[in-house]
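**Student:** The following block contains the structure, expressed as structure tokens.
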Amino acid sequence: MKIKQLSVYLQNEPGHLSNVCKVLGDANIDILTLSLADTAQFGMLRIIVKDWEPAMKLLQDAGCMVKTVDVVATEIPDQPGGLAYILSILEAAKINVEYMYAFTSHVRDKAILVFRFNDPDAAVELLHEKGVNVFGSVDLYQIG
């Protein structure tokens, strides 16, 4: 079960991040979770919203460069070694984690992480086989 993430390229200057948040806020689109990274030339804002298609159009209309990426949200034990366990499953199958970030909510004493994999379909299948809870869009949006 993959989830659509919006990747927004931002100029690395004051006001560009707040503009994205204002555009979404004015349209009553809630950001469920996000990650922000930077380089010398630009910033990369990765966001998950329930209504990703309207959000993408609004941001594009506001002049933002936006693309969608499939990510996978998993539930991991919120304890020492919880992430190491999930990563060992993926490593054994040679599935690469391109990046990851935490979701802002917890469920049943478990943390939720968002992963971008080189092969998301294989990752989802493998995690299901190993009994790891992978969230679909509907389940994830109900948490946020």
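**Student:** One residue is enough: does the range 69-85 have a residue meeting the conditions among the small types (Gly, Ala, Ser) and either under 25 Å from Phe42 (Cα atoms) or touching a residue at least 60 places away in the same chain (Cβ under 8 Å) (or both)?
**Tutor:** yes
**Student:** Further question on the same structure: Could you identify the single residue in Asp139, Asp78, Asp109, Asp119 that is touching a Lys or Arg at 6+ places or on another chain (Cβ under 8 Å) and not assigned by TED's automatic domain parsing to the domain that holds Glu13?
**Tutor:** Sole residue among the options that is touching a Lys or Arg at 6+ places or on another chain (Cβ under 8 Å) and not assigned by TED's automatic domain parsing to the domain that holds Glu13: Asp78.
**Student:** Also: From Ala84, Ala73, Ala40, which residue is small (Gly, Ala, Ser) and more than 26 Å from Asp119 (Cβ to Cβ)?
**Tutor:** Result: Ala40 is the single residue among Ala84, Ala73, Ala40 that is small (Gly, Ala, Ser) and more than 26 Å from Asp119 (Cβ to Cβ).
**Student:** Report, by residue number, each residue of the range 2-19 that is buried (at least 16 other Cβ atoms within 10 Å of the Cβ) and within 28 Å of Ala123 (Cβ to Cβ).
**Tutor:** Lys2, Ile3, Gln5, Leu6, Ser7, Val8, Leu10 - these are the residues of the range 2-19 that are buried (at least 16 other Cβ atoms within 10 Å of the Cβ) and within 28 Å of Ala123 (Cβ to Cβ).
**Student:** Please verify whether Asp61 is under 27 Å from Lys22 (Cβ atoms) and among the acidic types (Asp, Glu), treating the condition exactly as stated.
**Tutor:** Against the criterion (under 27 Å from Lys22 (Cβ atoms) and among the acidic types (Asp, Glu)), Asp61 qualifies.
**Student:** Can Val72 be described as surrounded by 15 or more Cβ atoms within 10 Å (Cβ to Cβ) and either small (Gly, Ala, Ser) or out of contact with any Asp or Glu (no Cβ under 7 Å at 6 or more places or on another chain) (or both)?
**Tutor:** Against the criterion (surrounded by 15 or more Cβ atoms within 10 Å (Cβ to Cβ) and either small (Gly, Ala, Ser) or out of contact with any Asp or Glu (no Cβ under 7 Å at 6 or more places or on another chain) (or both)), Val72 qualifies.
**Student:** In the set Ala40, Ala102, which member is touching a residue at least 12 places away in the same chain (Cβ under 8 Å), over 15 Å from Lys2 (Cα atoms) and not assigned by TED's automatic domain parsing to the domain that holds Asn118?
**Tutor:** Result of the check over Ala40, Ala102: Ala40.
**Student:** Mind checking which residues of the range 81-92 are assigned to a helix (DSSP H, G or I) and either outside the structural domain of Ala102 (by TED's automatic domain parsing) or of a type outside the set (S, T, N, Q) (or both)?
**Tutor:** The answer is Gly82, Leu83, Ala84, Tyr85, Ile86, Leu87, Ile89, Leu90, Glu91, Ala92.
**Student:** Inspect all residues belonging to the range 60-76 and state whether any of them is acidic (Asp, Glu), within 24 Å of Pro120 (Cβ to Cβ) and within 19 Å of the chain's Cα centre (by Cα).
**Tutor:** Scanning the range 60-76, I find at least one residue that is acidic (Asp, Glu), within 24 Å of Pro120 (Cβ to Cβ) and within 19 Å of the chain's Cα centre (by Cα), so the answer is yes.
For every residue, the table says whether it meets (1) at negative phi; (2) at pLDDT below 95; (3) outside any loop (DSSP other than H, G, I, E, B); (4) out of contact with any helix residue (DSSP H, G or I) (no Cβ under 9 Å at 6 or more places or on another chain).
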| site | (1), (2), (3), (4) |
| --- | --- |
| Val23 | yes, no, yes, no |
| Pro54 | yes, no, yes, yes |
| Leu58 | yes, no, yes, no |
| Val66 | yes, no, yes, no |
| Thr74 | yes, yes, yes, no |
| Gln79 | yes, yes, no, yes |
| Ala102 | yes, yes, yes, yes |
| Ile112 | yes, yes, yes, no |
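**Student:** Identify all residues within the range 37-55 that are small (Gly, Ala, Ser) and exposed (fewer than 11 other Cβ atoms within 10 Å of the Cβ); write none if there are none.
**Tutor:** The answer is Ala40, and nothing else.
The values are calculated or read from the model by the stated rules, or taken from the named source; none is laboratory data. None of the values given here were measured: they were computed from a predicted structure. A quick note on method: Cβ atoms are made from the backbone with ideal geometry, for glycine too, and the neighbour counts reach across all protein chains shown.
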